[in-house]
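Before any comments, here is the structure.
The values are calculated or read from the model by the stated rules, or taken from the named source; none is laboratory data. Just so it is clear, the model here is predicted, and its values are computed rather than measured. Cβ atoms come from the backbone with ideal geometry, glycine included; neighbour counts cover every protein chain shown. When the accessible area is computed, the model is the full protein with side chains, heavy atoms only, and any ligands, DNA or RNA have been set aside. Shrake-Rupley method; radii C 1.70, N 1.55, O 1.52, S 1.80 Å.
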Amino acid sequence: MKLDMNIDEYLPLREVVFHTLRKAIIQGELQPGERLMEVTLANKLGVSRTPVREAIRMLELEGLVVMIPRKGAEVAKITVRDLKDALEVRMAIDSLSVKLACERLDEDDKTEIKQACVAFREAVKSGNVQAIVEGDERFHNTIYRASKNQKLITIAMNLREQVYRYRFEYVKDFSYHENLIREHDQITEAILKGDVETAQKIMKEHIYNQEQIVIRNLQKEA
């Protein structure tokens with residue numbers, strides 16, 4: 001396991017360690033169920049145990065780490081219940097966001113959504129999982145912004161971190177990539193036409209399909 005830590009002079013060391021470990025968990029470098037040994041992590045990151053201990057506590061608050069009696073900290077497993085809870089909320093947010101986007105988007109929004117759709121297709125062609133995840137996130141973020149509802153945008157950004165881990169899980173399934181492109185294309189077309197009913201229908205199918213892929217992969221790994 002290779003952990004790359006970018007030192008930020010404006011952040012406390014515990015925050016830097018936190019973001020480093022968090023990224024490693026979300027991207028699967030630290031696997032579900034893997035123990036987090038303070039000494040080992042401190043040595044890999046070139047820091048003392050204190051910021052590592054503090055970062056682990058922060059990760060526990062986010063639900064990415066669990067404390068096991070007599071064993072210590074380990075990466076939290078992805079459960080079907082957690083997945084369903086997160087995606088139920090995302091389903092509601094994304095359904096509302098496409099409705100509002102259909103009603104409120106301006107020419108700049110149209111351009112951004114079309115560009116994000118094309119960029120996602122290019123990311124999929126690259127085969128780079130990180131680029132595909134970022135492209136997927138960019139696409140949905142353009143729709144949130146087009147909603148012109150700042151409260152919705154704030155809630156979506158807060159949920160983004162919890163959904164990010166699941167994004168990696170379904171993006172890793174290359175057999176679904178053509179469907180992802182098709183769904184993004186259909187959502188884009190519906191929004192540009194102002195077709196609320198179709199945009200919401202495809203968006204709900206889009207998220208439901210992702211949920212089923214992650215559940216299937218979790219069951220394979222169980």
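Quick look at the values:
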| item | result |
| --- | --- |
| Alpha-carbon centroids, region 117-143 and region 40-66: separation in whole Å | 30 Å |
| Projected label distance in nm at residue 219 and residue 34, using a 7 Å step from Cα toward the beta-carbon | 2.7 nm |
| Rg and Dmax [Cα atoms of the chain; Å; Rg one decimal, Dmax integer] | 18.9, 58 |
| Accessible surface, per residue, of the chain when the full set of protein chains is kept, probe 1.4 Å, Å² | 53 Å² |
| Members of 114/151; 99/201; 151/172; 44/77; 99/125; 23/148 lying beyond 20 Å, as alpha-carbon distances in this model show | 114/151; 151/172; 44/77; 99/125; 23/148 |
| Mean Kyte hydropathy of -0.5 or more with a Cα span along the axis of at least 30 Å, helices from DSSP in the chain | 80-104 |
| Neighbourhood net charge (9 Å Cβ-Cβ; Lys/Arg +1, Asp/Glu -1) for residue 65 | -2 |
| Taking all pairs of distinct alpha-carbon atoms in region 39-124, Kirkwood radius in angstrom | 17.1 Å |
